[in-house]
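Okay, so here's the structure we're looking at.
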Amino acid sequence: MPNDNSNLRRGRVPVREAVAAAEPSAGICVKGWVRTLRRGKGVAFAALNDGSCFASLQVVLDAGLPGFEELCRAGTGACLSVTGDLVESPASGQSWELQAKEVKVLGEGGGDYPLQKKRHGFEYLRSIAHLRPRSNTFGAVFRVRSALAYAVHRFFRERGFLHVHTPIVTANDCEGAGEMFRVTTLDPVRPPMVEGGVDWTRDFFGERTGLTVSGQLQGELFATAFSDIYTFGPTFRAENSNTSRHVAEFWMIEPEIAFADLADDCRLAEEFLRYLVSYALEECGDDLAFFNDRIEKGLLDKLERLAGATFETMTYTEAVTALQKSGQSFEYPVEWGADLQSEHERYLTEKVIGGPVFVTDYPAAIKAFYMRLNDDGKTVAATDLLVPRVGEIIGGSQREERLDVLQARMKGCGIAPESLDWYLDIRRWGSCPHAGFGLGFERFLMYVTGMENIRDVIPFPRTPGHARF
């Protein structure tokens with residue numbers, strides 16, 4: 001790792017550099033939080049971690065240090081600044097330790113520090129979301145999250161994509177599910193009324209607005225000007241669900257590519273997913289090793305298989321036929337025209353294909369209005385990328401670029417075309433074939449880390465009844 005000049009200016013060596021040092025070093029300064037503190041005869045040992053890596057640095061505190069007793073009482077959770085000599089450690093499992101010469105207590109811990117035990121249940125840690133980043137598990141989760149967020153931008157930057165910041169406040173429901181959080185400045189007790197309901201023309205924006213569920217529609221506008229673009233931002237769903245796969249606020253990655261059909265879309269999705277998984281394996285080794293050991297046995301093998309896998313393709317009709325002929329008993333019946341459930345998706349990837357698969361050409365009736373209608377008039381050029389053990393991880397489509405067809409689809413879905421006149425304009429002037437997909441960042445992180453609850457891969461989960469931190 002290169003030296004962090006900002007840390008050097010602050011007179012601090014990150015723990016990641018100290019534990020990976022090539023040779024002993026005298027008079028270095030390390031700052032961090034005490035993970036554990038144990039006392040022996042005439043000596044104490046503190047495990048100091050600053051979040052820069054999974055490992056902690058053992059600090060040896062000799063009883064002759066000024067304020068030794070006060071240091072020991074500072075306890076687990078205390079924040080210390082330690083200056084001393086980095087020397088080879090006689091203990092197994094670590095190469096170096098810091099022989100403390102001077103220690104300053106920047107912030108005390110104490111016996112009531114909530115993270116006293118080495119291991120806590122995830123449900124308990126969610127109740128102290130402001131402190132859980134200091135635990136081993138969540139330190140690893142958020143380092144991986146940060147690394148992969150960088151990898152997302154690097155992937156698209158290397159391929160000449162434009163990064164677009166799409167609106168968080170919008171008047172349009174991209175998915176049409178009616179699960180938007182309302183944004184308003186009107187008096188909630190006595191809003192202005194007109195015949196038929198609330199007078200939204202007197203609201204801040206002059207119409208009904210909400211928090212976005214997707215940046216796709218606005219992304220399409222930019223794709224018809226810059227060819228290849230992507231968005232990576234927060235999205236919101238006011239869905240009253242308390243499952244392990246739902247939060248009200250999450251992050252979406254949504255590329256849009258002009259002059260592209262569904263096959264191009266699938267190729268980009270495969271390349272993107274393979275890139276992110278390979279990046280995690282190359283750059284997050286220590287953290288992934290922890291997940292492999294403590295969270296999901298076989299995680300590393302799973303990721304390595306995906307990185308090198310062949311991505312197959314089958315139509316929705318072929319998938320339904322394979323499921324119906326399987327002889328497998330499913331909780332949800334398999335019928336043409338019904339959406340595939342997680343159990344169906346997993347069976348396809350784990351039993352039928354034995355790896356990742358793109359399922360394409362879904363019935364138009366179960367997909368969004370903006371997906372391109374196929375020549376059969378019954379299906380649309382949509383795709384879901386399914387992976388073993390999870391099911392759907394990416395969803396995308398070729399977009400409907402024909403004005404008349406799109407208008408008819410909107411009317412058939414109960415959407416007034418005039419409500420999206422700006423969206424239709426890019427079909428009126430300079431329309432072109434284009435496509436895109438969405439990857440939910442948190443669900444992808446669950447796959448990479450093995451964490452089973454989406455609330456444990458986002459810093460501050462927003463769920464029904466919970467927005468405290």
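Every number here is computed from the coordinates shown, using simple stated rules; none is lab data. Predicted model, so just to flag it, every value in this text is computed and none were measured. Backbone-built Cβ (ideal geometry, glycine too); neighbour counts: all protein chains shown.
Going by alpha carbons, how many degrees (0 to 90, nearest 10) lie between the helix axis of 216-226 and the longest principal axis of the chain?
Rounded to the nearest ten degrees, it is 90.
How do T184, T209 rank when sorted from fewest to most other Cβ atoms within 10 Å of their own Cβ?
By the 10 Å Cβ count, ascending: T184, T209.
How high is the relative contact order of the chain, in percent, with contacts defined as C-alpha pairs under 8 Å that are six or more residues apart?
Taking the mean separation of contacting Cα pairs over the length of the chain, I get 12 percent.
For the range 5-113, what's the relative contact order in percent, using C-alpha pairs closer than 8 Å and at least 6 residues apart?
The normalised contact order for the range 5-113 reaches 27 percent.
Gap in Å between the Cα centre of the range 308-348 and the Cα centre of the range 125-141?
With the range 125-141 and the range 308-348 each reduced to a Cα centre, they are spaced 37 Å.
Hey, if you drop one equal point scatterer on each alpha-carbon of the chain and run the Debye formula without solvent, what base-10 log of I(q)/I(0) do you get at q = 0.10, 0.13 Å⁻¹?
-0.87, -1.21
Go through L71, Y150, P14 and say which Cα lies farthest out towards the positive end of the charge dipole of the chain; charges sit on Cβ, +1 for Lys and Arg, -1 for Asp and Glu.
L71
So which trypsin sites (Lys or Arg not before Pro) in the range 268-301 end up in coil per DSSP with only 14 or fewer other C-beta atoms within 10 Å?
Those that pass, being in a loop and sparsely packed, are K297.
With a 10 Å Cβ neighbour count serving as the proxy for reagent exposure, in which order, fewest first, do H120, H434 appear?
H120, H434
Exactly which trypsin sites (Lys or Arg not before Pro) in the range 73-160 are in a DSSP loop and have at most 16 other Cβ atoms within 10 Å?
Answer by residue number: K117, K118, R119, R159.
How far is helix 316-325 tilted, in degrees, relative to the longest principal axis of the Cα atoms in the chain, given as a value from 0 to 90 rounded to the nearest 10?
80 degrees
Enumerate by residue number the GluC sites (Glu not before Pro) in the range 46-154 meeting two conditions: DSSP loop (anything except H, G, I, E, B), and at most 16 other Cβ atoms within 10 Å of the site's Cβ.
Counting only loop positions with at most 16 other Cβ atoms within 10 Å, the GluC sites (Glu not before Pro) in the range 46-154 are E108.
Please go through the residue pairs K117/K302; K41/K101; K351/K378; K325/K367; K302/K351 and name each one whose alpha carbons sit more than 22 Å apart in this structure.
Violating the 22 Å Cα-Cα cut-off are K117/K302; K351/K378; K325/K367.
Once each part is reduced to its C-alpha centroid, what is the distance from the range 393-438 to the range 31-104 in angstrom?
The range 393-438 and the range 31-104 have Cα centres separated by 61 Å.
Which angle between 0 and 90 degrees, to the nearest 10, do you get for helix 136-158 versus the longest principal axis of the chain when only C-alpha atoms count?
Result, in degrees: 50.
Give me D425, D203, D384, D293 ranked fewest to most by other Cβ atoms within 10 Å of their Cβ, as a rough exposure proxy.
Ordered from fewest to most neighbouring Cβ atoms within 10 Å, D425, D203, D384, D293 come out as D293, D425, D203, D384.
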